[in-house]
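The values are calculated or read from the model by the stated rules, or taken from the named source; none is laboratory data. The model shown is predicted, which means the values in this text are computed figures rather than measured ones. Counting neighbours? That spans all protein chains shown, and the Cβs are built from the backbone with ideal geometry, glycine included.
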Amino acid sequence: MSRIPVFKKMDRYKAKNLQAFNTKWPNRYDSSLRMRLWTSQWDRGILTELPTDISSLRILDIGCATGRLLETLAEAGARHLAGIDLAPKILDIAQRRLAERGIKADLKAADAEDTLLWANESFDVVIMTGALHHFYRPIDALTEVHRVLCHRGRLIIIDPWFLPPLRQLFNLGLRFVSPNGDYHFYSPAEAVDMLASQGFVELRYRRADWNSFIVLGLKDKL
Ligand SMILES: C[S@@+](CC[C@H](N)C(=O)[O-])C[C@H]1O[C@@H](n2cnc3c(N)ncnc32)[C@H](O)[C@@H]1O
């Protein structure tokens, strides 16, 4: 699993991202207070947007990192799980964590802004928690998500929410310093617009918790 995938194009944010999540974060991601503060409510937010019985849903977690959400989904009854992450070493942790708990998941170390390694309409649900702001080409990622979702398939995104002018200041700062490969923080309305531009429908957003928003969309109309 620890083989570095070959990317078509390696921008500086992606290189930083890969370096951070392949070296700095893998062993301390789950125990880091900072990460726990950010992510503590995310999984609950995702579960509230899914039906009670998720056993038949095919679910892809983009930027799955150490597999925390995949584990939560399995505990909630999901049986058809897949995950993708840019950083092979953090994915190794996910692999071990899920194997130890007897959870099967199709994990791939790859770039979600490239062609996803799954066939058209492979998933009922695609989830991205804390990944969107890392994407250098978010529209490419969303085009691919649209392709791999089935008819009426659901995209759920959670990402950090900073009110203006903080968001603009952070984004300005990221042009100069981005130790973890963060590229751009969006407002929920901007995220909704990006999804709409790729054909997603029935879009809505809400606060996920004090510092994050959740955006939901379906692949297509009935
Ligand atoms: C802030 S972490 C969020 C992880 C996890 N989803 C969570 O809820 O805790 C961002 C993750 O997205 C991954 N990532 C960033 N850009 C990516 C890309 N282009 N393709 C796939 N994974 C990516 C990173 O390697 C990292 O593991």
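Residues in the range 13-45 that are in a helix (DSSP H, G or I) and modelled with pLDDT under 90: Leu33, Arg34, Met35, Arg36, Leu37, Trp38, Thr39. Evaluate the following for Arg152: is it touching a residue at least 12 places away in the same chain (Cβ under 8 Å) and within 13 Å of the ligand (Cβ to nearest atom)? Answer is no for this residue. In the set (1) touching a residue at least 12 places away in the same chain (Cβ under 8 Å); (2) of a type in the set (Gly, Ala, Ser); (3) within 12 Å of the ligand (Cβ to nearest atom); (4) surrounded by fewer than 19 Cβ atoms within 10 Å (Cβ to Cβ), the condition left unmet by Ala65 is number (4).
Taking (1) in contact (Cβ under 8 Å) with a residue 40 or more places away in the chain; (2) within 27 Å of Leu73 (Cβ to Cβ) in turn, His184 satisfies each apart from (2).
Return the residues of the range 149-164 that are over 15 Å from Ala208 (Cβ atoms), crowded, with 21+ Cβ neighbours inside 10 Å and among the hydrophobic types (A, V, I, L, M, F, W, C); say none if nothing qualifies.
Leu149
Residues considered: Leu163, Leu116, Leu216. Of these, the only one that is hydrophobic (A, V, I, L, M, F, W, C) and over 14 Å from the mean Cα position of the chain (by Cα) is Leu163. Within the range 87-115, being assigned to a loop (DSSP other than H, G, I, E, B), touching a Phe, Trp or Tyr at 6+ places or on another chain (Cβ under 7 Å) and of a type outside the set (Asp, Glu) holds for one residue alone: Ala87. For Pro179, the stated conditions hold: it is within 16 Å of the ligand (Cβ to nearest atom) and over 16 Å from the mean Cα position of the chain (by Cα). Within the range 171-197, the residues that satisfy the criterion of being closer than 22 Å to Ile214 by Cα and of a type in the set (Ser, Thr, Tyr) are Tyr183, Tyr186, Ser187, Ser197. Answer with yes or no whether Asp30 is of a type in the set (Asp, Glu) and buried (at least 21 other Cβ atoms within 10 Å of the Cβ). For Asp30, the condition - of a type in the set (Asp, Glu) and buried (at least 21 other Cβ atoms within 10 Å of the Cβ) - is not met.
Restricting attention to the range 75-95, the residues being within 15 Å of the ligand (Cβ to nearest atom) and either modelled with pLDDT under 95 or of a type outside the set (S, T, N, Q) (or both) number 14.
The set of residues from the range 44-61 being surrounded by 20 or more Cβ atoms within 10 Å (Cβ to Cβ) and charged (D, E, K, R) comprises Arg58, Asp61. You will find that of Asp124, Asp111, the residue that is in contact (Cβ under 8 Å) with a residue 12 or more places away in the chain, under 20 Å from Leu149 (Cβ atoms), in contact with a Leu (Cβ under 6 Å, 6 or more places away or on another chain) and within 9 Å of the ligand (Cβ to nearest atom) is Asp111 and no other.
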